[in-house]
Amino acid sequence: MTDGLHTRRDVLLSLACVAGWGATALTCSRPALAQPAAAGQAAPVPMRINIGTLAPRGSSFHQAMLRMAGQWQAQSVRLVVYPDGAQGSEADMVRLMRVGTLQGGLLTAVGLTDIEPAIAGLQSYPMLFRSFDELEFVIDKLRPMLAQRMATKGFVVLFWTDAGWIRYFFKDPITTPEQFKHVKTFVWSGATEQYKMLRELGYDPVQMETGDILQGLATGQITGVSVPTIFALVSQFEKRVPHMLDLDWAPLVGACVIRKDAWDRLTEAQRVALQSAADTAAAEIRTRNRRESEEAVARMQAGGLIVHKLTEAERAKWQAACDQVYPLMRGRLVPADMHDEIMRLLQRYRAGARA
């Protein structure tokens with residue numbers, strides 16, 4: 001079960017490229033002149049912060065970031081947003097952040113895992129999170145621990161967000177785990193442990209580069225792939241893999257991060273104001289993208305996509321198959337301590353604890 005053992009490295013970049021999104025760097029306008037500091041307060045620190053993202057130009061992600069940039073201007077901080085993967089893949093952007101060419105990035109869990117491996121636990125389990133409420137509860141409880149780990153790697157998390165659920169698309173109708181074992185399912189060429197695990201479980205993974213997904217679907221080299229619905233819509237997946245399984249496979253989790261040394265150079269007043277603007281952007285991204293994720297399914301249905309609704313018995317079979325995978329992932333795809341903490345928090349939530 002891929003992408004829920006899953007999400008491939010740089011899948012968004014590949015889909016962005018095949019959809020024809022150009023690599024254009026957009027910047028906000030010149031920042032307004034800072035107001036004189038009040039007596040006893042530190043003067044604002046003028047700064048330029050470059051942030052890269054795979055989010056396409058004009059997308060909800062990008063629009064929210066530009067609005068955040070406008071708010072940051074008032075604090076003498078010029079936020080320059082590079083969308084469309086203009087700075088390369090998420091792995092490339094992490095490297096550019098480490099050397100200081102970029103000061104930040106709006107990344108999925110795939111790129112964030114290159115900084116801190118524990119983050120893989122937020123997006124790697126198939127059918128683990130049953131609702132966005134569960135996901136938000138777990139992230140909220142993990143926030144202090146993840147903030148500390150990211151800080152030791154030299155980064156500050158400005159906000160966490162998500163963009164709806166990842167879903168599975170197939171060439172033929174697939175409604176049971178038994179049928180899924182005959183699907184040639186995409187696995188990123190570098191995901192060696194994921195590939196091995198799927199083979200051990202009796203599935204038929206096919207390793208390839210993400211840029212080869214559409215060709216693989218066209219030639220029959222692969223017959224199934226899991227992707228965010230928004231990107232499936234843009235790539236017209238309903239024409240290549242016209243059957244979608246109505247299961248919330250995994251959330252597409254992301255975060256906006258900034259180099260700690262850049263953040264630390266700002267005054268306390270600047271950090272408070274910038275964080276407030278970042279919180280607003282996070283809420284906007286989360287709300288709009290969850291809605292657009294569902295709207296994408298409806299639009300693909302109008303274009304011929306067949307959505308396979310499951311009975312409770314069928315859904316239970318998928319859950320049982322996924323439950324088999326979780327212990328195998330511990331210490332192999334997700335660090336053991338992160339795995340244990342996520343499972344403990346979900347047990348707490350499902351037992352009624354909400355605080």
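The values are calculated or read from the model by the stated rules, or taken from the named source; none is laboratory data. Just so you know, these numbers come straight off a predicted model, no measurement behind them. With ideal geometry, Cβ positions are generated from the backbone for all residues, glycine too; neighbour counts draw on all protein chains shown.
Structural remarks
- Residue under evaluation Trp21, criteria (1) at pLDDT below 50; (2) out of contact with any Pro (no Cβ under 9 Å at 6 or more places or on another chain); (3) aromatic (Phe, Trp, Tyr), criterion not met: (2)
- Residue that is surrounded by the fewest Cβ atoms within 10 Å (Cβ to Cβ), among those in the stretch 98-123 that are part of a helix (DSSP H, G or I) and among the β-branched types (Val, Ile, Thr): Val99
- Condition check for Leu128: more than 20 Å from the chain's Cα centre (by Cα), under 27 Å from Glu341 (Cα atoms) and touching a residue at least 60 places away in the same chain (Cβ under 8 Å): no
- When restricted to residues that are buried (at least 21 other Cβ atoms within 10 Å of the Cβ) and in contact with a helix residue (DSSP H, G or I) (Cβ under 8 Å, 6 or more places away or on another chain), the stretch 45-58 contains 6.
- Scoring Phe170 on the criteria (1) touching a strand residue (DSSP E or B) at 6+ places or on another chain (Cβ under 6 Å); (2) under 30 Å from Arg95 (Cβ atoms); (3) buried (at least 20 other Cβ atoms within 10 Å of the Cβ) leaves a single failure, condition (2).
- Sole exception among (1) touching a Gly at 6+ places or on another chain (Cβ under 7 Å); (2) modelled with pLDDT of 95 or more; (3) of a type in the set (A, V, I, L, M, F, W, C) for Leu247, by number: (1)
- Counted residues, the stretch 197-222 - those being in contact with a Lys or Arg (Cβ under 9 Å, 6 or more places away or on another chain) and closer than 18 Å to Ala321 by Cβ: 6
- Any hit, the stretch 312-322, residues being at negative phi, touching a Pro at 6+ places or on another chain (Cβ under 6 Å) and not in a helix (DSSP H, G or I): no
- Residues that are in a helix (DSSP H, G or I), out of contact with any helix residue (DSSP H, G or I) (no Cβ under 9 Å at 6 or more places or on another chain) and either buried (at least 17 other Cβ atoms within 10 Å of the Cβ) or among the basic types (Lys, Arg) (or both), drawn from the stretch 204-249: Gly216, Lys239
- Scanning the stretch 295-303 finds one or more residues that are loosely packed, with under 14 Cβ neighbours inside 10 Å and either modelled with pLDDT under 95 or not in a helix (DSSP H, G or I) (or both).
- Test: residue in the stretch 57-75 that is touching a strand residue (DSSP E or B) at 6+ places or on another chain (Cβ under 7 Å), farther than 30 Å from Gln347 by Cβ, outside any helix (DSSP H, G or I) and of a type in the set (Gly, Ala, Ser): no
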